[in-house]
1. Restricting to Cα pairs below 8 Å that are 6+ residues apart, what does the relative contact order work out to for chain A? Please round to a whole percent.
2. In whole Hz, what ³J(HN,Hα) sequence does the range A:155-163 give by Karplus (6.51, -1.76, 1.60; θ = phi - 60°), x for Gly and Pro?
3. Loop-only GluC sites (Glu not before Pro) in the range A:133-183, please: DSSP not H, G, I, E or B, and at most 12 other Cβ atoms within 10 Å.
4. Sort C:193-200, C:2-9 by the packing proxy (mean of other Cβ within 10 Å over each peptide's residues), most packed first.
5. Probe 1.4 Å, all protein chains in place: accessible area of C:TRP100 in Å², nearest 10?
6. Using θ = phi - 60° and the Karplus form 6.51 cos²θ - 1.76 cosθ + 1.60, what ³J(HN,Hα) does each residue of the range B:239-253 get, whole Hz, x for Gly and Pro?
7. Using a simple charge model, +1 on the beta-carbon of Lys and Arg, -1 on the beta-carbon of Asp and Glu, nothing else, what dipole does the range B:63-170 show about its Cα centre, in debye to the nearest 20?
8. Below 8 Å between Cα atoms, with a sequence gap of 6+, how large is the relative contact order for the range C:161-281 in percent?
Amino acid sequence: MTIDRRDYGGFVLCSVAGITVIVPLVWMILALAQSGLPGLEWEFLVAAPSQSGRAGGIGPMIVSTALILGVCLAAIIPVGLGTSLYLSQYVSSTSPQASWLGYSLDVLAGTPSIVFALFGYQFFAITLGLGFSILAGGLTLACMTLPLMVRTSEQALRAVPLELHQAGEALALSRPGMIWHVLLPAAMPGIVAGTILSIGRALAETAVLLFTAGYVMRLPGSLLDSGRALSVHIFDMAMNVPGGMPVASRTALVLLTLVILINIGVRRMLLHHKRIYYEQTN
Amino acid sequence: MNRRISMSDNATTFANEHTQSNRTAPEVSIVGLSVYYGNTAAITNATLTVPGGSLMALVGPSGCGKTSLLNCINRMNDTIADCRVEGRITIDDLDVQDPSVDVNLLRQRVGMVFQQPNPFPLSIAENIHFPLREHGVHRRAELDKRTMKVLNAVGLWDEVKDRLRSSALSLSGGQQQRLCIARALALEPEVLLLDEPCSALDPLATEQIERLIEDLKQQYTLLMVTHNLAQARRVADHVTVCWIDENCGCVVESGSRESIFINSDHPVTKAYCRGDKG
Amino acid sequence: MSRQRNEFWLYFTLASAAGLAGLLLIPVVLLLILESLPLLAPAALWESLTSAAWHPRAGEFGLLAMMVASLLISALALALAAPLGILYAVWLNLYLPRRWTNRLRPLQELLAGIPSVVYGLWGLVVLVPMINSYAPPGASLLAAVLVLALMILPFSALVTDAALQAPIRHRMSAAQALAVSRWGTFRRVLWPEARATIIGGIVLQFGRALGETLAVVMVAGNVVQFPGSLFDPVRTLTANIALEMSYATGTHHTALFLSGLVLMLITLILMFQINRRGVAI
């Protein structure tokens, strides 16, 4: 039978595709490591930059990034969770409210980040008078990541098994009680995963932060101070500072490590959650 | 009344053509078969023999490894990681487990029908043409001829001959399952494995399929997993009773229909057949 | 009594949150329109959209060259990344042994999360010098296309992979039992069912490519011109906004907002197209 010969063409084609996909990506990570690993030490993570960033470290940048993320999360967790709870508790999925929310959030999710940069700059920095600040940056990022947060929380809530809902109803729990004691605990890992995903998305943003949080290299004194995020630092070092390439690579490695850790964390959490809540019948 | 007779006639014609081609259905023999997924055993030490040209029903409660056993015969278990098979399965003289056996050839000789009808998302004709083409039949005339032959054999030809190009997914459940059987028959197998072929169908469709299976017995060797004891009583020539012992499947008894349903001495068999257990 | 009050406050809080989320789109769109208003007069608009002359100091704000560059880069990157991504997912699911599949899949998800600035960095450090040694200046249309394609690849693969799972679950056993070839299984059994979802996902990637800013700024060369060859430096709408926003005033400022509006509109149209085909994003 010539069956295996039938598959030669397909096998070659797909393997070529496979290799073409994997090789450049691995190459990229290796090149980054080669350029950035030497000099990557604890000092680097903690010290302040000097010589326009060519020497010293990225301490203030890490702090700024953390603060920006903090502002962003403080905004999207209540609003995002609240919205998804509203959607799952009070409106049917075919109502006009649900449709509008779904539609407008989808549009927001698909909007190019540069548009958010324009919006954030004009609205938060200028109109609201926040200037280049951590607050402006965090709030703009919140607008960008809200759709993701709502979508993942909604999925997590919807995945709560029917049996738990029924148990709550049988016990005549009040709605707040039901949400607090039954739904949220069951959906929590999914919600946390969604939060972490939003963090990942926010970490990756550069253009937006360039025009809302600014690029001051100092340690920010307050939320109204300008601060430079890690991604902005990479950009500046690579494009505007001669000889800044090694620092850029090093910072990129730090950022990459954060992304990897986030990814692994989310994955682990979801797996663990599945094991506890959904595989009890086994 | 009339419809049933004509379907039977069609199948008999198909059978006659095949008997003329001088092929006798092979004997399938399983000795000491054990299937492990990782560290869990699905079934251990199963032994049974299916004489050529007859139907062996595998009965027993869910989870006793009947499907795992079936999957070994056409080596569908190969695709599952971590699956270990011990024991011997032979089709006449062919050792199925032998590494030198061409699996694709094996699966042409051993056809399989699944519990859920699963026609491809193609037209009715394409569902049959496609596997044939994959196995080397390319001439249009030949493809059409074989398609008509198998559709006739399962009694679908009259129902679909005017809409061969319409989607297979537009057929009813019973029709889809018959199409799946036709598809399996198109490769001209010698052995047919059926995994609860009627459990997703309504009683009328079930009846049609059972009649079809009866007619197929004449030139194929069939193994059918079923939950339905009444069905086994109706169509099977031989029966194997499976059971679960300490979380693992096993074969309790195997033999002719009479010896299982009427003359059995084994307590589990008797209890199962009476409906006391399982 | 207090139970009813609790329920009320709950409703109030949640509805407020949802209200905030639901209204968010409006200020964004409004602001874009308001800030582009001066240039939205028909004559001025036409001028902006059809002229390739971008000379802010001389008062010329033609967006055409940049729109062409944006569309060209995204289309080429997609043409490269989409087939590769799809074939990669096929390779992953149908040709690789299961063990490797499960190890490689998380890699895809990881790569999809890498910030675009990192891709841009790699492009700047490795790709641009490589192209430069062959055809200066290196920072060019080609560099942007390659970097963007690299960025879209993991997503294309992910989308295809996800879309293949359901057809695989339902139909793979039948195909295997019939000993159908793997390529045949993909083409005739899996593809028909997964096609709509995959294409929808790929179109989404076009939108993402169009909106990409940083990586493009870093490697595309940023000269406002129609590309004569793959090696010419070009500037996209997104790069333009990023480069000039910090010092743009007056009509210049308006023109930048106008290009933002144009980008948003194109994205909206794309998304509308996908939704019309009934594909879930």
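1. 26
2. The phi angles translate into 4, 4, 5, 5, 7, 5, x, 4, 4 Hz.
3. In loop regions of the range A:133-183 (DSSP not H, G, I, E or B), there are no sparsely surrounded GluC sites (Glu not before Pro).
4. C:193-200, C:2-9
5. 130
6. So the Karplus estimates, Gly and Pro as x, are 9, 10, 9, 10, 8, 10, 10, 6, 6, 9, x, 7, 9, 8, 7 Hz.
7. Dipole about the Cα centre, nearest 20: 400 debye.
8. 25
The values are calculated or read from the model by the stated rules, or taken from the named source; none is laboratory data. Not measured: the values here are computed from a predicted model. Neighbour counts run over all protein chains shown; Cβ positions are idealised from the backbone, glycine included. Side chains included, ligands, DNA and RNA excluded: accessible areas come from the protein's heavy atoms. Shrake-Rupley method; radii C 1.70, N 1.55, O 1.52, S 1.80 Å.
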